[in-house]
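Student: Dropping a structure here in C-alpha cells format, bear with me for questions.
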Amino acid sequence: MKKAGLLVAFLCFGSVLVFSQKKNVFISEAVLAIAQQAQVDYRALVKKASAKDSEALNNLFEFTRLLDGSISIDHAQTCLELIPVVGDEVFAKALESRSSGLKKHLLNQMSAAQKQTRKEALKKPIQGWAPYTWEALNDREVHIAKPQSAPATNMPAGIDALKTAPMPDGQGTPSPCLSPIAPTDASKGNQLVPAGSRRGNN
C-alpha cells in the first residue's frame, strides 16, 4: 500500500514538472497541454531556442499571450532558464523586438518565476547576471559592447615572444640567445674557433 501511494505521488508530481533532458530547462506539463490545444510543438520550440534560434525564442515569447495565472508563470520559468543556455546577448536581442506590453508582462511573470525555479543562481536579480535581458525587459534599447580587438602589429608570428636586453644608453639590442653562432673548424671537430683567428682574417 505504501509503495502504491509513493508511485501515485511520483506520477502526480511528474505530471506537473518535466525537464528537458539535454539542457535541463524546466517545462510544465500544464503548459504542454495548452500548447497541444493550440497546435504548438512546445518541446520543439524549447529545443530550437536552446540552440540559439531567435525565431524559436520569439515564438516562445509570443506564446505567453495564450497563458495566464500559474501556467503563465510556469512558461516564464522556462524562458528564465533559457537565458543562461542561449546567452544573455542572444536572448536580449530576440526579446528586444517584441512589443512593450509583452516585455512588461514577461518581466512581471519572470520575476514570479524566479521564486519557483530550482536554480539558485537564477533567483538573484536579473540585472546582475543578465544585464542585456534586463534592459530589454524594461523596454530599453540593448547596446551590446563589442569585444576589444588586440592592437595590430606587423611583427611576424613568434618574434614578439623574444625578449631584448637593454643597453646602457637605453637602446634595445638582441638578447645573447639571438647572437650569431661562430662557425666550427672542421679539423677540430665541434670546437668553436674565435672569429678573429679564422683563416683569412689575420
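The values are calculated or read from the model by the stated rules, or taken from the named source; none is laboratory data. Remember, predicted model here, so these are calculated numbers, not experimental data. Cβ: placed from backbone, ideal geometry, glycine included. Neighbour counts: every protein chain shown.
Student: Looking at region 47-100 only, could you name the residues that are at positive phi and under 14 Å from the mean Cα position of the chain (by Cα)? Let's see the steps before the verdict.
Tutor: Our first condition is that a residue be at positive phi; within region 47-100, this holds for 52, 69, 87.
LYS52, GLY87, listed by residue number.
Student: Quick check on this structure: which one of GLY101, GLY87, GLY128 is closer than 22 Å to ILE34 by Cβ and either surrounded by 15 or more Cβ atoms within 10 Å (Cβ to Cβ) or among the small types (Gly, Ala, Ser) (or both)?
Tutor: On the way: GLY87 fails: closer than 22 Å to ILE34 by Cβ; GLY128 fails: closer than 22 Å to ILE34 by Cβ.
Only one candidate passes the filter, namely GLY101.
Student: Do any residues in region 131-143 that are surrounded by fewer than 16 Cβ atoms within 10 Å (Cβ to Cβ) have Cβ atoms under 8 Å from those of residues that are modelled with pLDDT of 95 or more and among the aliphatic types (A, V, I, L, M), where the two are at least six apart or on different chains, and which pairs are they?
Tutor: Here the result reads ASN138/LEU107, each pair linking region 131-143 to a residue that is modelled with pLDDT of 95 or more and among the aliphatic types (A, V, I, L, M).
Student: Surrounded by fewer than 21 Cβ atoms within 10 Å (Cβ to Cβ) and aliphatic (A, V, I, L, M): is that true of LEU80 in this structure?
Tutor: Answer is no for this residue.
Student: Restricting region 27-49 to residues that are part of a loop (DSSP other than H, G, I, E, B) and out of contact with any helix residue (DSSP H, G or I) (no Cβ under 7 Å at 6 or more places or on another chain), which is farthest from GLU81 (Cα to Cα)? Walk me through it before giving the result.
Tutor: Let us first name the residues in region 27-49 that are part of a loop (DSSP other than H, G, I, E, B), namely 38-41.
Still in the list and also out of contact with any helix residue (DSSP H, G or I) (no Cβ under 7 Å at 6 or more places or on another chain): 39, 41.
Numbers: GLN39: 23, ASP41: 19 Å.
Looking at the filtered set, the residue picked out is GLN39.
Student: Mind checking whether some residue in region 135-142 is of a type outside the set (A, V, I, L, M, F, W, C), in contact with a Lys or Arg (Cβ under 7 Å, 6 or more places away or on another chain) and at pLDDT 95 or above?
Tutor: yes
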